[in-house]
1. Regarding segment 132-149, can at least one residue be identified that is part of a loop (DSSP other than H, G, I, E, B), modelled with pLDDT of 95 or more and surrounded by fewer than 20 Cβ atoms within 10 Å (Cβ to Cβ)?
2. For segment 103-141, give me each residue that is among the polar types (S, T, N, Q) and touching a strand residue (DSSP E or B) at 6+ places or on another chain (Cβ under 7 Å).
3. Can you give me the number of residues within segment 190-234 that are within 24 Å of CYS315 (Cβ to Cβ) and of a type in the set (Lys, Arg)?
4. Which residue out of SER35, SER54 is touching a residue at least 24 places away in the same chain (Cβ under 8 Å) and surrounded by fewer than 19 Cβ atoms within 10 Å (Cβ to Cβ)?
5. Go through segment 247-261 and give me each residue that's open to solvent by 40 Å² or more (accessible area, probe 1.4 Å) and either assigned to a helix (DSSP H, G or I) or in contact with a Leu (Cβ under 6 Å, 6 or more places away or on another chain) (or both).
6. Inside segment 262-316, can you point out the residues that are small (Gly, Ala, Ser) and either free of Cβ contacts under 8 Å to residues at least 24 places away in the same chain or part of a helix (DSSP H, G or I) (or both)?
7. So which of LYS221, LYS236 ends up being among the basic types (Lys, Arg) and in a strand (DSSP E or B)?
8. For segment 230-261, give me each residue that is more than 24 Å from GLN95 (Cβ to Cβ) and free of Cβ contacts under 8 Å to residues at least 40 places away in the same chain.
Amino acid sequence: MNSLTTGQIHTPTFDIAIVGAGLAGSLCAHLLSQSGQSVCVIDKSRGSGGRASSKRLEGDISCDLGTPYIVAKHPDSLALFKQLTEEHVAAPWKQLSKASSQAFVGVPKMSAITRHWVQNASFITSTRIHHLDQITQQGDNQPSWLLRDDKYQPIVIAKKIIIAAPAPQAASILASHEKLAVLLLRANQASASYESQWAMWLETEPCDLNALIEPKGSPIKRMIKDNYKPMRHSEKVDRWVIQTAPNWTKQHLDAEKDWITQTLLQAFAEITEHRVLKHGDPHRWFLSRFAENKGNNPFAWSPEHNVGLVGDWLCQGDAEGALISAISLINHIKNSK
């Protein structure tokens, strides 16, 4: 039985709890905090960013191993980045912009965007939400949700929940309560369409190669000069982030990291004809990208249970889609009052 009555549990209570501090979850927190609601964001990692997080290398030097930039075409996302640019949290990457779209990066790194958005919410890190219980608190007509971690410890109580996690992780949480079967079906449908990716950083002598190279017929899908991004450090080296092609990744998902490293270094050298001076270990993004799971809306919301889903997998399957999904759900919640 998932419904409990509580008057004794000393667990913090919020209007809305958001599971996941990636682009979608962080933007939801930002928009809801602006409307005066108490918001809590919970993430299994040590910080915000999700697949748009950054890796610190040494000192204040970092690189973006995940989402290297965000391409904005939609009026809502363009307006969002106009504001972020004015606040010096993001900057346009004009080299990658086109007539129909603009590319943006976070400054001084991609995770600055999500850190900016979660600053007015309560942020709980290194906590994996695993179980949902519906509870009735004393004096409340409507039931609330008790969110528990993977050790079944109570974390927060909230009137509403937004799950802003990749589809398989969202499905795992939704499966813990029988009333959320409709949302669970949507997440399960999307879970089959994920792609994985290996990513690693490396350094070379400065060179005149383009900031973005997308090789054909290579294990590498794209190579990005991280230090060419606006507002990045200008150093005596070129720092690259290389990301692997989906089909190649699928074939070598469980390969030894040493082998992945040597294979990617060799592929990079063949493409660029440049010697690698230094490199990091490859990072495996198991749930790197999703195909869009089309529905009537770029989000999912259960009004009878006050539980919703946002993410790239519900809209476009890319970083901009995560933002549009978040904006659309928050507008829906506000307009439904």
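1. There is no residue in segment 132-149 that is part of a loop (DSSP other than H, G, I, E, B), modelled with pLDDT of 95 or more and surrounded by fewer than 20 Cβ atoms within 10 Å (Cβ to Cβ).
2. The first filter runs over segment 103-141 and keeps only residues among the polar types (S, T, N, Q), leaving 111, 114, 119-120, 122, 125-127, 134, 136-138, 141.
Matches in segment 103-141: SER122, THR127, GLN134, THR136, GLN137.
3. Qualifying residue count, segment 190-234: 2.
4. Values: SER54 fails: surrounded by fewer than 19 Cβ atoms within 10 Å (Cβ to Cβ).
The unique qualifying residue is SER35.
5. To start, the set of residues in segment 247-261 that are open to solvent by 40 Å² or more (accessible area, probe 1.4 Å) comprises 247, 250-252, 254, 256-259.
Correct list: ASN247, LYS250, GLN251, LYS257, ASP258, TRP259.
6. Matches in segment 262-316: ALA267, ALA269.
7. The match here is LYS221.
8. If the condition is that a residue be more than 24 Å from GLN95 (Cβ to Cβ) and free of Cβ contacts under 8 Å to residues at least 40 places away in the same chain, then ASN247, TRP248, GLN251, ASP254, ALA255, GLU256, LYS257, ASP258, TRP259 are the ones that fit.
The values are calculated or read from the model by the stated rules, or taken from the named source; none is laboratory data. Since the structure is predicted, the reported quantities are computational estimates derived from the model, not experimental observations. Note: ideal-geometry Cβ built from the backbone for every residue, glycine included; neighbour counts use all protein chains shown. Remember, those area values only see protein heavy atoms, side chains included, never the ligands or the DNA or RNA. Shrake-Rupley method; radii C 1.70, N 1.55, O 1.52, S 1.80 Å.
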